[in-house]
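Everything on this sheet refers to the single structure shown next.
The values are calculated or read from the model by the stated rules, or taken from the named source; none is laboratory data. Being a predicted model, the structure only gives us computed values, none of them experimental. Counting neighbours? That spans all protein chains shown, and the Cβs are built from the backbone with ideal geometry, glycine included. Please note that ligands, DNA and RNA were not included when accessible areas were found on the heavy atoms of the full protein model with its side chains. Shrake-Rupley method; radii C 1.70, N 1.55, O 1.52, S 1.80 Å.
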Amino acid sequence: MEQFVGQIMPYFTVAIFLGGVTWRIWRWMIPRIVHNITLSPFPGTWTAAVTWWVWQIAIFWNILKFDRALWIGAFPFHAALIAIIGGHLMGIYTLGLQFHMIAPLLVTADLSVWLSDLLGTTMGLVFLVALLYLLYRRFTVEKVRAISSTSDFLHLFLLLGIAGLGNYMRLAPDAHMTYLEARTFLTGLFTFNPVALPHNAFFMWHFLLVQCLMIIFPFSKLMHVFGFFWMRWMVNRPYKEWAPGMPGAKVQLSK
Amino acid sequence: MSTETAKGLRQPKRANEALFRTLGVEPVPDDKKVAEAVRHLDEFRQKLRSFVVIMENCVKCGLCAENCHTYLGTKDPNNIPAGRADLIRKAYKRYFTPQGRLFGPLVGAEELTLETLEKWYSYFYQCSECRRCSHTCPFGLDTAEITMVGRQILFWLGIGPQLHTATAGAILKTGNHMGLTKAGIIDTLEFLAEEIEEDYEGLKVDLPVDKPESDILYVPSSADFMLNPNTLKGAGMFFKWVGANWTISSRITEAGNFGYLMDQTRIQREMVTRLYEECTKLGIKKIVWGECGHGWRATKMYVRTYSDLPGVETIPLTHIHDEAAALIESGQLKLDPTRNSKRITLHDPCNYVRACGHCDQMRVIMRAVTTNFVEMTPNRERNFCCGGGSGILFDDPAMYEYRILASNKKAEQVRETGAEVLCAPCSICKAQLYPMVKEHKLGVEVVGLIDLVGHALVFPEE
Ligand code: HEM
Ligand code: SF4
Ligand code: SF4
């Protein structure tokens, strides 16, 4: 089991994830944008359109404006999620020295590790709380439950499992993992020299569930990460207007 | 074909098979309907990107629910935009995605059945294609696009409301929704010209039809000939004031486009084709559109991709509001706003503000021609639909009741302004708001916008 989860499965997981995402996007690219369905007010230029998309992502503007109660959960959830993904990449790769490497004069190596731990723990907890809130909302708010299917709940439970185990490893001394242990293991995978999973059942489950998430990803609504851009590309784009002024009329528009 | 109303579902009265045949559609028998519908879904999936992206990216966050007036009015989960789209999405998942084929209901996938098709008929004709869901959704997912796909497939199966189907039939015959003939059009216009002469101290306004060598083709809503004559008069007075060489065409006396609302292929294209044929025939240099929301979208945003004629790239196309607002801004229209002095509010037609970039021009005009203008909240692109959008102006009892429910939000908005006059520059809005005002006992007068311009214009003779 451990050998499979730690040394064999990851290669399949990554193949399914990358292949699946590519396949899904391929399918979005086959049909055409048949008509101009941009939403108004129309952005004047492509720069304005893209700025609008970025604005939407940066603060979830529509959610903030039209559903405050969702924003309270969705925004911290996503912000923490991005921080956590970044933290996993940077923290593990640099062994917690990322801030020292970015600003060596300002941040000492020790401080960087301390910051990395602090941020990791905080974001992990924020993520967990936001997740619980979203789950609670899905169960209790009638309009949300009415449009949910079982998988919508299962995704959240899966994330809950991943986040719960992650936080437990951070907070419970007996389950703790060092950055170095994780890096050694992942280096093995990335260099195609897989080594054994660290001896930590919590880590194995954490790692297994993350792989489940990656396998599900291309076949679920998690594709909204990409879908956002594909939809905005259609509904927020510049439009060129015909100029006013009536040919042949006695009163002509003065310029 | 089952013609009885399916149990417990709110459905408009259906068009009969004979009517569908006049539109080139042989109604599909019940036992073949599901298979045909799935085949059409497959076609759309390979043709229309908006359809696929909307089908595959909803996160079921529920944000759209309370941003749709139909859910606010009925609290029916199938009227949540995401719930409405799910009527198709469940089948889409079942037939076109691996997760749906493998896991079925666990991931929200479901076989398509005749009962579901009955639900399509019910809920795609409760959606007004107002796009408020798209405007508010974090991703911009547009349930109106799904409604359009649903209605189109139903049309091809031979399912559609009497109202829409008969109107579409009138288009093929006469080029307008009301079935007006050329003689009828000329008659009405002569009558309106006389009314103007009486009401405005002998003012003589020409309302020409099919006049050769015209520069401007004005395309009014055919409803203006019967329900909203002041809008027609206003436009005529405006053209008179600026001295335009203009005409109305009897082959396309229709700013609306019911094709766009149920058959976005054959019938929508018929209107577009007529439009540019008439331009060539009458020597038109510019098309100016009348007050109609969905029709303005169907034209402004769709002609480029629907017309087979080259005029679409060379003949400019604007709305009469664009023209009036531009002249007001350049200070060239002489107006007396005190003639429109009652407290007045503006209902933003959804298609103008969320699909046509048509918003500021209405305010420029409003401020210039009235003295007591109050905005309702929310307004502009955040505005709620009147409840009649996309022509769901049914008067069979169940649907009439629905229309009034769907206008709850609008009634509340209007009441809050304390206005005496409600300006709604769109034929469908007007047709919906007349009964709304009555049933919600609002006691306001419903008017168009160009009506007010006509009324405020100061003519040199005066
Ligand atoms: C592009 C802008 C994005 C927007 C507007 C957005 C919006 C949303 C919304 C509204 C939800 C639903 C929350 C709920 O369950 O009620 C959601 C869920 C989620 N999003 Fe995003 N998201 C975006 C990008 C991302 C990115 C970049 C990621 C990951 C790297 C991500 C990962 C997730 C996950 C894992 C969920 C939970 C899914 C579930 O409920 O099953 N999202 N998102
Ligand atoms: S707001 Fe958009 S993503 Fe959320 S449920 Fe509605 S359609 Fe789906
Ligand atoms: S288009 Fe309008 S009526 Fe239809 S689902 Fe969206 S918000 Fe509701």
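Brief remarks follow.
- Between helix B:229-242 and chain B there is an angle of about 50 degrees, using the helix long axis and the longest principal axis of the Cα atoms.
- Phi angles across the stretch B:38-47 convert, under the Karplus curve 6.51 cos²θ - 1.76 cosθ + 1.60 with θ = phi - 60°, into 3J(HN,Hα) values of 5, 4, 5, 4, 4, 4, 4, 4, 8, 10 Hz, Gly and Pro given as x.
- Flagged links, alpha-carbon separation over 24 Å, of B:K93/B:K119; A:K221/B:K410; B:K281/B:K334; B:K233/B:K410: A:K221/B:K410; B:K281/B:K334; B:K233/B:K410
- Cα gyration tensor category, rounded, prolate or oblate, for the stretch B:335-456 with a/c compared to 1.5: prolate
- In the stretch A:161-253, the trypsin sites (Lys or Arg not before Pro) that fall in loop regions by DSSP, at most 14 other Cβ within 10 Å: A:K240, A:K250
- Rel. contact order, % - alpha carbon contacts under 8 angstrom, at least six apart, chain B: 16
- For the stretch B:109-201, the set of trypsin sites (Lys or Arg not before Pro) satisfying both a DSSP loop assignment and a count of at most 11 other C-beta atoms within 10 Å is empty.
- Of all DSSP beta bridges in the protein assembly as shown, antiparallel share, percent nearest 5: 10
- Antiparallel %, DSSP beta bridges [both residues in chain B], to 5: 10
- Placing a label point 7 Å from the Cα of B:E213 along the Cα-to-Cβ line, the residues of the stretch B:281-298 whose backbone N sits under 16 Å from it are B:281-285.
- Taking label points 7 Å from Cα along the Cα-to-Cβ direction, B:E194 and B:L102 give a separation of 7.6 nm.
- Three-way shape call for the stretch A:1-74 based on the alpha-carbon gyration tensor, with the a/c threshold at 1.5: oblate
- The helix-only estimate of mean residue ellipticity at 222 nm for chain A, built from DSSP H runs of length n ≥ 4 each weighted as -39500 (n - 2.57), is -22500 deg cm²/dmol after division by the residue total.
- Projected-area average for chain A over all orientations - Cα convex hull basis, square nanometres: 21.4
- The stretch A:24-48 and the stretch A:146-203: distance between their alpha carbon centers, rounded to Å: 38
- Taking θ as phi - 60° and the Karplus parameters 6.51, -1.76 and 1.60, the scalar couplings of the stretch B:393-403 work out to 9, 5, 10, 5, x, 4, 6, 5, 4, 4, 4 Hz in sequence order, x denoting glycine and proline.
- Long-range amide H partners of B:V447 with built H, under 5 Å: B:L422, B:C423, B:A424
- Applied to the stretch A:155-172, the Karplus parametrisation 6.51 cos²θ - 1.76 cosθ + 1.60 on θ = phi - 60° returns per-residue 3J(HN,Hα) values of 3, 5, 5, 4, 4, 4, x, 4, 5, x, 5, x, 5, 4, 5, 6, 9, 8 Hz, with x for Gly and Pro.
- For the stretch B:267-390: rounded, prolate or oblate by the Cα gyration tensor [a/c cutoff 1.5]: oblate
- Computed accessible area, A:M90, all protein chains, 1.4 angstrom probe, square angstrom: 90
- Relative contact order for the stretch A:97-175, counting Cα pairs under 8 Å that sit 6 or more residues apart, in percent: 26
- Only protein heavy atoms count here; on that basis, with a 1.4 Å probe, B:L405 has an accessible area of about 50 Å².
- Neighbour-limited loop hits for trypsin sites (Lys or Arg not before Pro), the stretch B:307-345 (at most 15 other Cβ within 10 Å; DSSP other than H, G, I, E, B): B:K334, B:K342, B:R343
- Anchor B:K285: lysines whose Cα lies under 18 Å away (excluding residues fewer than 8 positions away in-chain): A:K250, B:K211, B:K240, B:K300
- Residue mean of other protein chain beta carbons inside 10 Å, A:136-147: 5
- Largest to smallest in accessible area, the residues B:T113, A:T150, A:T94 fall in the order A:T150, B:T113, A:T94 (1.4 Å probe, all protein chains included).
- Semi-axis lengths, Å, chain B, gyration tensor of Cα atoms, sqrt of 5 times eigenvalues: 39, 25, 19
- Within chain B, helix-based [θ] at 222 nm, where runs of 4 or more DSSP H residues each add -39,500 (n - 2.57), nearest 500: -15000 deg cm²/dmol
- Using only the C-alpha atoms, the convex hull of the protein assembly as shown corresponds to 177 Å³ per residue.
- Counting only protein heavy atoms and using a 1.4 Å probe, the accessible area of A:T47 comes to about 100 Å².
- Against chain B, whose longest principal axis comes from its Cα atoms, helix B:114-123 is set at around 30 degrees.
- Rounded tilt (10° steps) of A:46-59 against the dominant C-alpha axis of chain A: 40
- Here the stretch B:44-99 and the stretch B:179-208 have alpha carbon centers that stand 47 Å from each other.
- Ordering A:F192, A:F127 by accessible surface, largest first, gives A:F192, A:F127; the 1.4 Å probe counts only protein heavy atoms, with every chain in place.
- The equivalent ellipsoid that matches the C-alpha gyration tensor of the stretch B:17-160 spans semi-axes of 24, 19, 13 angstrom, in descending order.
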